[in-house]
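Enquirer: Take a look at the following structure, please.
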Amino acid sequence: MLSCDICGETVSSEPDMKAHLLIVHMENEVICPFCKLSGVNYDEMCFHIETAHFEQNELERNFERINTVQYGISDNRKDSSLQCRADINSSVHSACASNQPKISAQSLPKDGTLKHKDFYSENLTESRKFLKSTEKQSDRTKIKESIYETMYSPPECPFCGKIEDNSQDMETHVKTKHADLLDTPLEGVNRVQCSRDLELAQQLQQEEDRKRRSEESRQEMEEFQKLQRQYGLDNSGGYKQQQLRNMEIEVNRGRMHPSEFHRRKADMMESLAIGVDDGKTKTSGIMEALYRYYQNAATDVRRVWLSAGVDHFHSSFGDKGWGCGYRNFQMLLSSLLQNDGYDDSLKGMSVPCIPKIQSMIEDAWKEGFDPQGASQLNDKLQGTKAWIGACEIYTLLTSLRIKCRIVDFQKSTGPLGTHPRLFEWILSYYASEREGSPKVVCTSKPPIYLQHQGHSRTVVGIEEKKNRTLCLLVFDPGCPSREMQKLLKQDMEVSSLKQLRKFVGNLKHKQYQIVAVEGVLSSEEKIARRQASQVFTAEKIP
């Protein structure tokens, strides 16, 4: 009879032993005896048991040794495969611990036998020594208790000495019964340190917030000052100071003779004293020249409507960069002064200089017109380079009993940001009856004040091309006199009109406002409009 060195099973012959080894100990699936892990090889199972179940494995292995001593190695029980599996798991663990090579079918000798020296590991030899030493003991229970006490010591409470079954129960006991003792001096120090860290973090955050607010305030102030400079509210002086400063620059650069400087300064001081524009930036007679041109040329134009006579005024050294609104008012007023229907309101007035216009707007504010607009400009225009727009033009005209209206084209009404409704409105303003009229129509309508972001111009007419497209005729205060005077030539060239013509595709600002004059106001109507200007509203299209 042959006995299996692994599980103790006895067989009658060597072929039976080979079959037993292959079937029971080599082909069976390796399963973890503690967590039922499977599907791995012997080396992987050894590593798993060694790392995950070290204490359990030691205890179980000793219990299995006791079982072997109690029941005998050669006891042929029915559940021999289970016993073999437990024994081989123990042997596998010992083999892993001693770095022994794994046994496989290929490692067997050619005769198929498993030699005694090739199989046993050092741990298996130690196990046999242990078995021999425990064969003399007959009380299984005493042996188990002895081994259990040797390998496992139940946790004891460090405060009261109570013993619990496991570490989790002991942790619960300490937390519930000795919570006050857990606050050790070290933990108290840590708590104080955490409090200090939190206080420091709060101080740092407050300092960062203070710096951020300071930076935001600085940026806001810079933006505000930038806007003040842009709109002439930075207390850097007004028309007079800028005129003198720019003329001095011209002298220093050699572009103006000192005698010319003194002559212009004297003329400016006289103009400011009487409040009348000196006319040095004015160009007259352009509307008459346009009438002649359209009569004799412009074959692509089906019909054109021209406003009443108007003079062109451009910016000078004193108002360059901010005076367009004032110059457009001068253009509009120059047309009204040529119309007898406005004599009663204007009372023989001449075209005022820019500082005088500023004074007239301040007087209108004092009467009670547009208090919101006055507040935005600090109730002061004289001595500043403050911009004015459609609201200030409306306020000034209404204070002079000139009937006018503001129309706000607040958003685009055509493709690509264009404003075709603006062109249609201006056409209806100039042309009451389009059909049957001559090619060139000189109307009695005053020009229209046209405002958009950052600039303003004056509309003096509108063309209707043969293909029915519309084109505005515009006076720009940014255009100097030398360019405008080219329109006065008898043989005016088409290129000269380029500076006046504005097609639908040329006006693409987000918003446009116009001020259109419609007649004269009575004293009662002026009072009513002054009251209405307390909350300024405009007609909106669309």
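The values are calculated or read from the model by the stated rules, or taken from the named source; none is laboratory data. Remember, it's a predicted structure, so these values are computed and weren't measured experimentally. FYI the Cβ positions are ideal-geometry reconstructions off the backbone, even for glycines, and counts take in every protein chain you see. Please note that ligands, DNA and RNA were not included when accessible areas were found on the heavy atoms of the full protein model with its side chains. Shrake-Rupley method; radii C 1.70, N 1.55, O 1.52, S 1.80 Å.
Enquirer: Got a number for residues in the range 316-350 being out of contact with any Lys or Arg (no Cβ under 7 Å at 6 or more places or on another chain) and not in a loop (DSSP other than H, G, I, E, B)?
Expert: 18
Enquirer: If you scan the range 306-318, which residues turn out to be open to solvent by less than 10 Å² (accessible area, probe 1.4 Å) and either within 16 Å of K465 (Cβ to Cβ) or in contact with a Ser or Thr (Cβ under 9 Å, 6 or more places away or on another chain) (or both)? Show your work before the answer.
Expert: Initially, the range 306-318 is screened for residues open to solvent by less than 10 Å² (accessible area, probe 1.4 Å), giving 306-307, 310, 312-313, 318.
Correct list: L306, S307, V310, H312, F313.
Enquirer: Specify which of the listed residues (V515, V520, V460) is at pLDDT 95 or above, of a type outside the set (G, A, S) and under 42 Å from the mean Cα position of the chain (by Cα).
Expert: Details: V520 fails: under 42 Å from the mean Cα position of the chain (by Cα); V460 fails: under 42 Å from the mean Cα position of the chain (by Cα).
Among V515, V520, V460, only V515 is at pLDDT 95 or above, of a type outside the set (G, A, S) and under 42 Å from the mean Cα position of the chain (by Cα).
Enquirer: Give the residue, chosen from K240, K226, K265, that is open to solvent by 50 Å² or more (accessible area, probe 1.4 Å), touching a residue at least 40 places away in the same chain (Cβ under 8 Å) and not assigned by the TED database to the domain that holds L377. Before the answer, list the steps.
Expert: Values: K226 fails: touching a residue at least 40 places away in the same chain (Cβ under 8 Å); K265 fails: touching a residue at least 40 places away in the same chain (Cβ under 8 Å).
Only one candidate passes the filter, namely K240.
Enquirer: Which residues, counting only those in the range 437-456, are over 16 Å from A308 (Cα atoms) and in a strand (DSSP E or B)? Before you say what the answer is, go through the steps one by one.
Expert: Looking only at the range 437-456, we keep the residues that are over 16 Å from A308 (Cα atoms), and these are 437-439, 450-456.
Result: L450, Q451, H452, H455, S456.
Enquirer: Could you tell me whether any residue of the range 419-441 is closer than 30 Å to K320 by Cα, in the same structural domain as K356 (by the TED database) and under 34 Å from the mean Cα position of the chain (by Cα)?
Expert: Step one: of the range 419-441, the residues closer than 30 Å to K320 by Cα are 419, 422-423, 426.
Checking which are in the same structural domain as K356 (by the TED database) leaves us with 419, 422-423, 426.
Next cut, under 34 Å from the mean Cα position of the chain (by Cα) only: 419.
Within the range 419-441, one or more residues are closer than 30 Å to K320 by Cα, in the same structural domain as K356 (by the TED database) and under 34 Å from the mean Cα position of the chain (by Cα).
Enquirer: Tally the residues that are open to solvent by 10 Å² or more (accessible area, probe 1.4 Å) and either in a loop (DSSP other than H, G, I, E, B) or closer than 15 Å to A538 by Cα (or both), restricting the search to the range 407-417. Give the steps one after another, and end with the answer.
Expert: At the first step, the residues of the range 407-417 found to be open to solvent by 10 Å² or more (accessible area, probe 1.4 Å) are 410-417.
Then drop every residue that is not either in a loop (DSSP other than H, G, I, E, B) or closer than 15 Å to A538 by Cα (or both), which leaves 410-414.
Residues in the range 407-417 being open to solvent by 10 Å² or more (accessible area, probe 1.4 Å) and either in a loop (DSSP other than H, G, I, E, B) or closer than 15 Å to A538 by Cα (or both): 5 in total.
Enquirer: Right, something else. Residues to consider are K177, K162; find the one that is of a type outside the set (G, A, S), in contact with a Phe, Trp or Tyr (Cβ under 9 Å, 6 or more places away or on another chain) and either open to solvent by less than 80 Å² (accessible area, probe 1.4 Å) or at pLDDT 70 or above (or both). Even if it seems obvious, please write down each step before you answer.
Expert: Details: K162 fails: in contact with a Phe, Trp or Tyr (Cβ under 9 Å, 6 or more places away or on another chain).
Only one candidate passes the filter, namely K177.
Enquirer: Restricting the search to the range 368-380, which residues are assigned to a loop (DSSP other than H, G, I, E, B) and touching a residue at least 24 places away in the same chain (Cβ under 8 Å)? Talk me through it step by step, then tell me what you get.
Expert: Taking the range 368-380 and keeping what is assigned to a loop (DSSP other than H, G, I, E, B), we get 368-370, 377-380.
The answer is G368, F369, D370, L377, N378.
Yes/no per residue for (1) over 15 Å from D277 (Cβ atoms); (2) basic (K, R):
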position: S307; (1), (2): yes, no
position: S315; (1), (2): no, no
position: G318; (1), (2): no, no
position: W322; (1), (2): yes, no
position: R327; (1), (2): no, yes
position: S334; (1), (2): no, no
position: Q338; (1), (2): yes, no
position: Y342; (1), (2): yes, no
position: S345; (1), (2): yes, no
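Enquirer: In addition: Can you say whether R213 is surrounded by 14 or more Cβ atoms within 10 Å (Cβ to Cβ), part of a helix (DSSP H, G or I) and without any contact (Cβ under 8 Å) to a residue 24 or more places away in the chain, as far as the supplied structure shows?
Expert: Details: surrounded by 14 or more Cβ atoms within 10 Å (Cβ to Cβ): no; part of a helix (DSSP H, G or I): yes; without any contact (Cβ under 8 Å) to a residue 24 or more places away in the chain: yes.
Against the criterion (surrounded by 14 or more Cβ atoms within 10 Å (Cβ to Cβ), part of a helix (DSSP H, G or I) and without any contact (Cβ under 8 Å) to a residue 24 or more places away in the chain), R213 does not qualify.
Enquirer: Separate question: Just one of (1) assigned to a loop (DSSP other than H, G, I, E, B); (2) of a type in the set (F, W, Y); (3) open to solvent by 10 Å² or more (accessible area, probe 1.4 Å) trips up W365, so point out which.
Expert: (1)
Enquirer: Output the number of residues of the range 377-406 satisfying the condition of being of a type in the set (S, T, N, Q), surrounded by 20 or more Cβ atoms within 10 Å (Cβ to Cβ) and under 39 Å from the mean Cα position of the chain (by Cα).
Expert: Step one: list which residues in the range 377-406 are of a type in the set (S, T, N, Q), which gives 378, 382, 384, 395, 398-399.
With surrounded by 20 or more Cβ atoms within 10 Å (Cβ to Cβ) added as a condition, the list becomes 384, 395, 398-399.
Still in the running and under 39 Å from the mean Cα position of the chain (by Cα): 384.
Matching residues across the range 377-406 total 1.
Enquirer: Among the residues of the range 248-295, write down those that are outside any helix (DSSP H, G or I), of a type in the set (V, I, T) and either farther than 30 Å from D491 by Cα or touching a helix residue (DSSP H, G or I) at 6+ places or on another chain (Cβ under 6 Å) (or both).
Expert: V276, T283
Enquirer: Still on this model: Can you tell me how many residues in the range 3-53 are modelled with pLDDT under 70, open to solvent by 60 Å² or more (accessible area, probe 1.4 Å) and among the hydroxyl-bearing types (S, T, Y)?
Expert: Of the residues in the range 3-53, 0 are modelled with pLDDT under 70, open to solvent by 60 Å² or more (accessible area, probe 1.4 Å) and among the hydroxyl-bearing types (S, T, Y).
Enquirer: If I ask for residues that are open to solvent by 10 Å² or more (accessible area, probe 1.4 Å) and either farther than 16 Å from W387 by Cβ or not assigned by the TED database to the domain that holds A431 (or both), which ones from the range 442-458 would you list?
Expert: Residues satisfying the conditions are C442, T443, S444, K445.
Enquirer: Do you know which residues across the range 277-305 are hydrophobic (A, V, I, L, M, F, W, C), at pLDDT 95 or above and open to solvent by 20 Å² or more (accessible area, probe 1.4 Å)?
Expert: none
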